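The values are calculated or read from the model by the stated rules, or taken from the named source; none is laboratory data. Just so you know, these numbers come straight off a predicted model, no measurement behind them. Every residue, glycine among them, receives a Cβ derived from its backbone with ideal geometry; neighbour counts consider all protein chains shown.
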Amino acid sequence: MYVADSRGTPASAVTPEPQAVAPGTRPGRRAALAPTVLALGTVSLVTDISSEMVTAVLPLYLVATLGLTPLGFGLLDGLYNGVSALVRLTGGHLGDRFGRHKTLAGIGYGLSALCKPLLLIAHTLPAIGAVLALDRTGKGLRTAPRDALISLSAAPGEHGRAFGVHRAMDTAGALIGPILAFSILRGAAEGYDAVFTVSACVAALGVMVLVLFVPGRRTGPAATRAPVSLRSSFGLLGRRDLRRISLCAVLLGLCTVSDAFVFLLLQHATGIADRWFALLPLGTAAAFFLLALPLGRLADRIGRGRVFLGGHLALLAAYGILLAGGRNPALPYAVLLLHGGFYAATDGVLMAAAAGAVPAEHRGGGLALVQTGQALARFAASLGFGAAWTFWGARPALAVAAVLLAAAVGLCLWLRPGDTPADGPARPRGDPADPAAQAA
């Protein structure tokens, strides 16, 4: 692993020239990834071990141990995803305004790490909700600055690859986390408390890696950086490309059943024993890990919008298999493969598409706008699906979600999100470098 030196990193290592070729790289060969991408990937790997340890056992802990209803769990799950949306804009905007993306990311990672021990003493719905809200506040603060650092460290034509590598490393942590949680649950007398304790220790290690190995320089000299205001950040939605990407992220997010519900539905459909439940996220993570980099590269070649929508078709296929049900032993593997493929084709690819539609000085705020819209949509989806499951039952609720997702994909095919060139934001018509202008 390459280790980034935060003391001697030149500004060009953070914001490379789009057409620059790495020294020592032969023409036609793919340049090595920036050390910042690899360092942030390591931080995410370690942090995701901690997060996924909790995520893997939380649904069963809340529903089976604390006795929450699907509606109550839907409220908590929506809170888990929705609260972060309210602070993502803050993290992205402050990172752009002061050029301190690493500082904002570090605060976010640290806040989430502090929340893990609090799960040991939270045993009621309000207390657990408060802890999850604080944890998601940390995630909201760190996500946009971290993704801004990734996009600013890679050439625009390599954004899909850079995010693919980062997401693959992140998902390696998601593979290790559930295995570790499963082992602790089977071996420890106080299984859930032991999981939460180990998770806190691993989260602290992730913060240390960020502080020591991720460059902390500003994204550009203070004298030359244009002032960034909150109004100008929201004004990014005036860009047609970013507006289309944001709209499609919201529409599709409204029809996306959260991970926890997918795993509960899979257990409901197949009768998987409770002791194996914590391993279900492992299947999704394995598929995500294997497909993230290939699909990121594919998005750079054929268009990020196409791969993004293709991922939602994979999710729609997973819904269809769950609705068909049956006791076919291959059913869980098919659902988890499609579920992981959905994330591999959408998570990093969406950020790569958004980065291509936003100028560098607004990168954190622009990515935060897209992330916020998607997170709020998924918050609403969790509430809606939890209520539908409570009042209608699991299968009717999933059938409605599948119909809505199919309609949303059709609408987004018409909107064609992410059609900006892979080498950066679309140029205005009339620019001499614009192929359409040259053709005219």
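Please state which one of 405, 398, 415, 411 is at pLDDT below 90 and either buried (at least 16 other Cβ atoms within 10 Å of the Cβ) or within 19 Å of residue 249 (Cα to Cα) (or both). None of the other options fit; the residue is 415.
Among the residues of the stretch 96-123, those identified as under 26 Å from residue 194 (Cβ atoms) and not small (Gly, Ala, Ser) are 109, 111, 114, 115, 116, 117, 118, 119, 120, 121, 123. Quick check: is even one residue across the stretch 349-357 touching a residue at least 12 places away in the same chain (Cβ under 8 Å) and surrounded by fewer than 22 Cβ atoms within 10 Å (Cβ to Cβ)? Within the stretch 349-357 (the criterion being touching a residue at least 12 places away in the same chain (Cβ under 8 Å) and surrounded by fewer than 22 Cβ atoms within 10 Å (Cβ to Cβ)), the answer is no, since none of the residues qualifies. Are any of the residues in the stretch 261-276 touching a His at 6+ places or on another chain (Cβ under 9 Å) and under 29 Å from residue 161 (Cβ atoms)? Yes, the conditions are met somewhere in the stretch 261-276. Picking from residues in the stretch 103-118 that are in contact with a Ser or Thr (Cβ under 9 Å, 6 or more places away or on another chain) and aliphatic (A, V, I, L, M), the one that is surrounded by the fewest Cβ atoms within 10 Å (Cβ to Cβ) is 111.
For every residue, the table says whether it meets (1) farther than 17 Å from residue 116 by Cα; (2) touching a helix residue (DSSP H, G or I) at 6+ places or on another chain (Cβ under 7 Å); (3) modelled with pLDDT of 90 or more.
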position: 179; (1), (2), (3): yes, yes, no
position: 184; (1), (2), (3): no, yes, no
position: 191; (1), (2), (3): no, yes, no
position: 195; (1), (2), (3): no, yes, no
position: 198; (1), (2), (3): no, yes, yes
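Looking only at residues in the stretch 49-74 that are touching a Ser or Thr at 6+ places or on another chain (Cβ under 7 Å) and assigned to a helix (DSSP H, G or I), the one that is surrounded by the most Cβ atoms within 10 Å (Cβ to Cβ) is 53.
I'd like to check something: does the stretch 391-398 contain any residue that is touching a Lys or Arg at 6+ places or on another chain (Cβ under 6 Å) and either touching a residue at least 24 places away in the same chain (Cβ under 8 Å) or acidic (Asp, Glu) (or both)? No, every residue in the stretch 391-398 fails to be touching a Lys or Arg at 6+ places or on another chain (Cβ under 6 Å) and either touching a residue at least 24 places away in the same chain (Cβ under 8 Å) or acidic (Asp, Glu) (or both).
Do we have any residue at all in the stretch 354-373 that's modelled with pLDDT under 80 and hydroxyl-bearing (Ser, Thr, Tyr)? No, there is no match, as no residue in the stretch 354-373 is modelled with pLDDT under 80 and hydroxyl-bearing (Ser, Thr, Tyr).
Just to be sure, is residue 126 within 22 Å of residue 193 (Cα to Cα) and modelled with pLDDT under 85? It is true that residue 126 is within 22 Å of residue 193 (Cα to Cα) and modelled with pLDDT under 85. Against the test of being crowded, with 23+ Cβ neighbours inside 10 Å, hydrophobic (A, V, I, L, M, F, W, C), free of Cβ contacts under 8 Å to residues at least 60 places away in the same chain and closer than 15 Å to residue 364 by Cβ, the options 141, 149 yield a single qualifying residue, 141. The selection criterion, being closer than 19 Å to residue 178 by Cβ, free of Cβ contacts under 8 Å to residues at least 40 places away in the same chain and not basic (Lys, Arg), does not hold for residue 260.
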